[in-house]
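Shown next, in structure tokens, is the structure this report addresses.
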Amino acid sequence: MQRGGIDANEAVNILTGQGNRNRLSPAEANRKLAGMISLWRARQSERLDGMRHAEAIEAALREGTPA
């Protein structure tokens with residue numbers, strides 16, 4: 001982005017550890033990022049260790065359904 005922020009595609013790549021390798025369409029990146037945010041909100045009150053959070057996010061991304 002010109003103003004120094006990141007777009008949804010960059011955010012998804014950062015959060016999934018992909019660097020800048022994957023280039024998603026804006027719609028797909030927004031859908032995936034929205035799903036990740038939704039999952040995070042649903043899980044933030046649960047006491048899960050970091051690995052289980054990562055596994056839950058990866059599963060939600062594979063399924064393509066926001067939690």
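What follows is calculated from the coordinates using simple rules that are stated; it is not laboratory data. Just so we're clear, the structure is a prediction, and the values are computed from it rather than from any experiment. Glycine gets a Cβ as well: all are built from the backbone with ideal geometry, and neighbour counts include every protein chain shown.
With Cβ to Cβ distances under 14 Å as the rule, what net charge do the other residues near Ala59 carry (K, R +1; D, E -1)? With Lys, Arg at +1 and Asp, Glu at -1, the neighbours total +1.
Tell me the net charge near Asn30. Cut-off is 15 Å between Cβ atoms, Asn30 excluded, with +1 for each Lys or Arg and -1 for each Asp or Glu. With Lys, Arg at +1 and Asp, Glu at -1, the net is 0.
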